[in-house]
Amino acid sequence: MELVDFLYFLPAMLVILTVHESSHALVAYYLGDPTAKMSGRVSLNPMKHLDLMGSLVFILTQKIGWGKPVPINPANFKNPMRDSALTALAGPMSNFILAFAVVLPWKYLGDYMPRFLLTEFQYIFHVSIYIGIFNLFPFPPLDGSKILGLIMPRAWYRGYVKYLTGGMKYFVAIILIDVFILNDFVGYSFFQMAITYLHDLVSAVLWLGT
C-alpha cells in the first residue's frame, strides 16, 4: 500500500472501527447489559476502542488488525442467546449503515466536494462494506459466529457454546490454508473471492438504492 493510500485508509479504519465497536456496546446496553457502557465503550472516541497489539499489527502489515473486544455479560440479557446475537449483529449492520450514509453525499454532492473529502468517503464506503462482510463469516471470534444464535436450535445450544469457546482454532486453520496454500499454490483465495463478490453486490445495491 502506497503512503497516499495509507493516509486515506488509516482515518477510514478509525471511523469504521469506532462505529463498529460502539454499536456493539450501545445495543448491549439497550438490551440490558451495562458492562460495555460502564467501561466507556459507548463512545465515538477512537482511543476507547483501539487495541495496542491489534493497532501495531495493522501498522506493520497495513492489511490486518483488530479493535479492543467489547465486554459483554450475557447474564444481564433477558434472552442471552438471542440478545448476544443481536449485539453481535450490530457491528456488521453499523458497517452497512455507515456505507449507506457516505454514499449519499458521494453520489449527489461528489462533484462539489473537495477531492480529499470525496476520496475519504470512497475509502470509508468500500472498506466499511469489506469489514461488514468479513465479520459475517460464522467463525469465532467474528461476529457471524455469535449471530448464528438467532437461528440455533436450543437442542444444539451446548455444542454451539463449545464451538464459540474453541472454534477460533478452526478459523485460524482455514485462514492459513486459504492464504498460504490455496492462494500461493492454487492461485486463488476463497475468502478473497467471496468477499470481493459480496462487496461488489452490496456496493451495487447501495449505489442503485440511493
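Worth a mention:
- Qualifying positions in the range 67-103 - outside any helix (DSSP H, G or I) and either touching a residue at least 40 places away in the same chain (Cβ under 8 Å) or farther than 17 Å from Arg41 by Cβ (or both): Gly67, Lys68, Pro69, Val70, Ile72, Asn73, Phe77, Lys78, Asn79
- Selection count where residues are over 28 Å from Leu10 (Cβ atoms) and either within 17 Å of the chain's Cα centre (by Cα) or modelled with pLDDT of 95 or more (or both), scope the range 38-72: 0
- Of residues in the range 138-158 being touching a Ser or Thr at 6+ places or on another chain (Cβ under 9 Å) and modelled with pLDDT under 90, the one surrounded by the most Cβ atoms within 10 Å (Cβ to Cβ): Gly149
- Residues satisfying the stated conditions in the range 104-120, i.e. surrounded by 14 or more Cβ atoms within 10 Å (Cβ to Cβ) and in a loop (DSSP other than H, G, I, E, B): Met113
- All of (1) surrounded by 14 or more Cβ atoms within 10 Å (Cβ to Cβ); (2) within 28 Å of Ala28 (Cβ to Cβ) hold for Val161 with one exception: (1).
- The range 78-97, subset under 18 Å from Lys162 (Cα atoms) and among the aliphatic types (A, V, I, L, M), residue nearest to the chain's Cα centre (by Cα): Ala88
- Flag if Asn95 is surrounded by 15 or more Cβ atoms within 10 Å (Cβ to Cβ), in contact with a Ser or Thr (Cβ under 6 Å, 6 or more places away or on another chain) and not small (Gly, Ala, Ser): yes
- Condition check for Ala25 on (1) more than 30 Å from Arg115 (Cα to Cα); (2) crowded, with 20+ Cβ neighbours inside 10 Å; (3) touching a strand residue (DSSP E or B) at 6+ places or on another chain (Cβ under 7 Å): one failure, at (3).
- With respect to (1) without any contact (Cβ under 8 Å) to a residue 24 or more places away in the chain; (2) under 21 Å from Pro74 (Cα atoms), the lone exception for Ala173 is condition (2).
- Residues in the range 178-193 that are β-branched (Val, Ile, Thr) and loosely packed, with under 13 Cβ neighbours inside 10 Å: Ile181, Val186.
- Each residue in the range 1-46 was checked for being of a type outside the set (S, T, N, Q), assigned to a helix (DSSP H, G or I) and under 22 Å from Phe134 (Cα atoms), and 21 pass.
- Pairs with Cβ under 6 Å, 6+ apart, first in the range 31-53 and touching a residue at least 24 places away in the same chain (Cβ under 8 Å) and β-branched (Val, Ile, Thr), second in a loop (DSSP other than H, G, I, E, B) and surrounded by fewer than 19 Cβ atoms within 10 Å (Cβ to Cβ): Thr35/Pro71; Thr35/Asn73
The values are calculated or read from the model by the stated rules, or taken from the named source; none is laboratory data. Just so it is clear, the structure is predicted and the values come from calculations on it, not from any experiment. Because the Cβ atoms are built from the backbone with ideal geometry, glycine has one as well, and the counts that use them run over all protein chains shown.
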